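What follows is a single structure, written as C-alpha cells, with notes after it.
Please treat every number below as a calculation from the coordinates, not as lab data. In this text the structure is predicted, and so the values were computed from the model without any measurement. For neighbour counting, all protein chains shown are included, and Cβ atoms are generated from backbone atoms with ideal geometry for every residue, glycine included.
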Amino acid sequence: MNPRLTPLASALLLALSSPVLAETAAEKSAVELDTVEVHEDRVVKPSSVKYTEPLRDIPQTITVVTKEVMDQQNLIGLRDVLSTLPGITFGAGEGGGGYGDSINLRGFNANNDITADGVRDSAQYTRTDNFNLESLELINGANSAYSGAGSVGGSINLVSKAAREGDFNTFTVGAGTDGFGRTTLDSNIDFENGQALRLNAMVHRNDVPDRDVEEYKRWGFAPSFAIGLGSDTRFTLSYLHQHDENTPEYGLPYFAAYGGLLPGVSRESYFGYRNMDKQEIDVDMLTGVFEHDFNDGLTLRSLARYQKVDQYTLVNPTQGTWCLDSGINPANGTVCANPGTFLPSGPRGTTRDTSNGLAVSQTDLTARFATGSVEHALVAGVSFAHETFDLDNGNTQRNADGTTPAYPLMDLHDPDNYYTGPVNYIRSGKTSGTLDNQAIYLFDTLKFNPQWELALGARYEHNEGDSRILTFATPANGGGVTVGDTMRNEDDLFSYRAGLVYKPAENSSIYLSYANSKTPSKASVNATCTDQTCEVDPETAVNIELGTKWDLLGEKLALTAAVFRNERQNYKVASGDPLTPEQQLDGEARVDGVALGVAGRITDAWSIFANYTYLDSEVVQGVSDHVKETTGIDAQAGNPLPSTPEHSASVWTTYALQNWTFGYGVGYQGSFVTASTDNAPEVKSYTMHRAMIGYQFGSSFGLQLNVDNLFDKQYFTRVRNNGWATPGAARSVVLTATYKF
C-alpha cells in the first residue's frame, strides 16, 4: 500500500463524516441557485465559502458568467465562454498533458489554474460542455492563497449544478447548420421532506462551421441527491460522467509574413488524416459535500471528491514543408521543388493515452464574531490532495519495424487527407507521475465601521511530486527499454493576500489589494521537472490592484473598474554558465493593465454584460544574470509577452419586448505577437458579432434563434509560432426549443 494514500484516505473519511454549514446569504433578497447567489439577474456573491462578502466588497476583480448568459449566446464549451471575456487567448494545448485546453490569462499561462467547485481540475483535456454548470467565475490576479500553487494571471472556477429545493424541469432540443444537434434535460424533484434529486443529461453533436472534417460528438449525465435541505445538517452527493468523441482541431498553415493563411489554401481544407485523427475523453467525477449550521455565526463545510479523466488522442498536426504556387517555401523564403504542394512531416500519427486521477478533501470552518467594535468573517480551512498521471505514448503510423513511412505529397489547394500507409502502433515512451499537496489556510475580513474593511488571507502548503519516464527503442533498433531516473520536487509554499476596502456608500467600494503566487517546478501532476529544474526554488509572482465597484439603479446594475500590475518576479531561465547546470530564477516579466466591467439591468427590459481589458506587457529580463553580465545581450528584454493582446473587449446585451427577446453581442481582440523576440510574427486583430432572437409561448415553451459570427468574419485562434493556427468558427445558425414543466 502506498503510504502517501494513508493520510489522504483518513482525510477523505473525515470529510465524509463531517457536518458542514451553508453559506450565510450576502443579501436576503438574493435568489440562491445552488451555491451561486443571483439578484436581479446578476450574481452578487462568488460560490466559494472562502469569499464571505458580496462581489461588491471583495478587493479583487471577479467576473461571473451565469448559465443564463451562456444560454443566451449559445456558449457551450469552455473555450466558447472564455472567448467572450477579454484578456484571454488560447494555445494549441499540447505540452506535458497532451491535446486540450490551453489558456493564456492576462499574459500568463493558466493551464494549471482551472478549478471545479473550488477544487483544482488539473488534467489536460478539452472541456467541451457546460450542461452541468451553474456559472463560470474568472478570478483575476494572483490567487494562490485561495486555490493553491498557481500563476499570477488568475484562475477559472467552474460551478457545478446540485440538487436543491423546489421542483422544476427544463428540456431543450436544438438543431442548426453544420450538423448541429443537441438535447439537454435539467430536472429537479423536491420530495418536500428535505430531500431532492436533480438530474442533468446531454446528447450533442456538431461539425465545425466551414471545415470539412472536424466534428464533436458527446453525451453525459449528472445526477445529484441531497438530504437535509432546509435544516441545519445537509449532505449532497453528485456524480458526473461525460464521454466525448471528437476530431482534434489543428487547422491551417499560418504565416504572419503572408498575412496569416497561406495564399491558395482554402479555409475548408484539412491537412491531417480524416480516417485516423481522433480524440476520445471520459470524465468521471464523484463529489460529496456535508454541511452543518452550528448557529448563525459558526459553520462547517467538508467536500470530498474523486475524479478520473481518461483521454486518447491520435493526431496529425498541420506541420511539414509548404511550397507555394510561386515556388517559395514560406517558412524561410527559399526556392522549393514542388510548387503548390505540402509534404507532411513532424509528429504525424502521434498517439497518446493518458489517465489522470484526483482524490481531494477540503474542509472549511466559517465563523462570524466581533472583537470589541471590530466585526470578523473568518474562514479557516485544510485540504489534502493526491493526484496521479499515466501516459502511454507512441506512433500509430509506422512500419512494422518502427521506421517512419514515406508520406506522399498533398495538393496545397485540395489535400488528400485519407491515410493509406502502414498502421502499426509503436510505443516510444511511458510516463508516470504523482503529486501530493497538503494545505492549511486562513482568511479574515475585518469590518472596523461601515466605511472601512480589511481583507487578509494566507495559505501554507506542502507540495511534493515525482515523475518517471520509460523510453522504448523501435524494433529496428532492438526494442530495448531505458528506465529514466525518478525525478522529484518538494517545496513548502507560502501565499498571502491583503486588501483594504473603503466604502463611500453602502452600494460602493474602493479598494487596494496586494497578493502573491507561488509556482513550484512541479506545479501539476502531468509536468515533469529535470536535473536542471527539480531543485530550483519556486517562482514568485505578485499582483497589485486598485479598483472600485458600484451597484447602481437599485442594485440592479454593477459597475467595476481596476488598474493592476501582474509581475513574475523570478521565473526560470537557462543559467548560461557551463559550471552551473541548474536553471536560475533571474527572469522577470510584467503586465500593467486596466479592467472595466458592467453587468445587470439598465431597465427592467434591457440587460447588459460587458467587459474591457487593456494589457501592456513586457519582458523585463529574459536571460540569467550571468548571461547579462558576461555578454550584455538580452534579446527579449523590452519586448511584449506572447499571446497578450493590448486591447480586448466584449459586449452582450438583450432587450425584452412583450414575448420577444432580442440579443446582440460584439467581441474584439487586438493583435498580439507569437513570441517575445524582435520582429516576432503578429496575429491579426478581429471583431466578431453574434445575435439572438427569442419568443416565449406562454410560461412553458419558448424558441430561440442564435446566429454566431454574424458577418462570417475569418479569424484565427490557437496560433503556433511554427506555422499553423485554428480558424475561428464561421457563421452558424442554431434554433433551440425550450420546454419547462
Whichever aspartates and glutamates have a C-alpha closer than 14 Å to that of residue 67, once near sequence neighbours (fewer than 8 apart) are set aside: 32, 34, 37, 41, 80, 129, 134, 137, 186
Inter-centroid distance (Cα atoms) of segment 145-159 relative to segment 608-650, Å: 21 Å
In order through segment 423-436: 3J(HN,Hα) via Karplus (6.51 cos²θ - 1.76 cosθ + 1.60), integer Hz, x for Gly, Pro: 10, 9, 7, 10, 5, 10, x, 9, 10, 10, x, 9, 8, 10
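For segment 55-132, give the magnitude of the charge dipole about the Cα centre (Cβ charges: +1 Lys/Arg, -1 Asp/Glu; no others), in debye to the nearest 20.
180 debye
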Nearest-20 debye value, the chain charge dipole, Cβ charges on Lys, Arg, Asp, Glu: 700 debye
Rounded D (µm²/s) - segment 150-268, Kirkwood Rh over Cα pairs, Stokes-Einstein at 10 °C, 1.306 mPa s: 88 µm²/s
Cα centroid separation, segment 421-460 to segment 535-561 (Å): 19 Å
q = 0.09, 0.15 Å⁻¹: log10 I(q)/I(0) that the Debye formula gives for segment 512-663, counting C-alpha atoms only: -0.47, -0.90
Residue 477 versus residue 411: modelled label distance in nm, points set 7 Å from Cα along the beta carbon direction: 3.8 nm
Residue order, fewest to most surrounding Cβ atoms within 10 angstrom, among 590, 565, 198: 565, 590, 198
Average projected area [Cα convex hull, segment 603-653], square nanometres: 4.7 nm²
Efficiency of FRET from Cβ geometry, residue 231 and residue 740, R₀ 25 Å, rounded to 0.05: 0.35
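Which of the pairs 278/684; 45/549; 447/549 have their Cα atoms more than 20 Å apart in this structure? Don't jump to the answer; show the numbers that get you there.
On the way: 278/684 29 Å; 45/549 13 Å; 447/549 18 Å.
Beyond 20 Å: 278/684.
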Fully extended contour minus Cα-Cα distance, from residue 189 to residue 368, at 0.36 nm per residue: 61.1 nm
The chain, Rg to Rh (Cα coordinates; Rh as Kirkwood inverse mean 1/r): 0.96
On Cα atoms only, tilt of 5-16 relative to the major axis of the chain in degrees: 40 degrees
Estimated vicinal HN-Hα couplings, Hz - segment 170-178 in sequence order (Karplus 6.51, -1.76, 1.60; Gly, Pro = x): 10, 10, 10, 9, x, 9, x, 5, 6
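Taking other Cβ within 10 Å of each residue's Cβ, how do 502, 418, 312 sort, fewest first? Intermediate values should be presented prior to the final figure.
Working: 502 13, 418 9, 312 17.
Ascending number of Cβ neighbours within 10 Å: 418, 502, 312.
For 299, 371, what ranking results if the residue with the fewest other Cβ atoms within 10 Å of its Cβ goes first? Before the final figure, lay out each step's value.
Numbers: 299 24, 371 8.
Placing the least packed residue first, the sequence is 371, 299.
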Alpha carbon Rg of segment 508-598, scaled by the compact-globule rule 2.2 N^0.38 Å: 1.57
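Expected output is a single nm value to one decimal: the length gained when fully extending between residue 675 and residue 486, i.e. 0.36 nm times separation in residues minus the C-alpha distance. What is it? Intermediate values should be presented prior to the final figure.
Details: separation 189, 0.36 × 189 = 68.04 nm, distance 3.24 nm.
Length gained between residue 675 and residue 486: 64.8 nm.
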Overall Cα dimensions of segment 121-175 - principal axes, largest extent first, Å: 40, 30, 18
FRET E, pair residue 446, residue 535, Förster distance 45 Å, beta-carbon r, rounded to 0.05: 0.70
Extent along principal axes [Cα atoms of segment 684-741; Å; largest to smallest]: 54, 21, 13
FRET E, pair residue 700, residue 514, Förster distance 60 Å, beta-carbon r, rounded to 0.05: 0.70
Net charge, residue 181 excluded, C-beta distance under 13 Å - Lys, Arg +1, Asp, Glu -1: +1
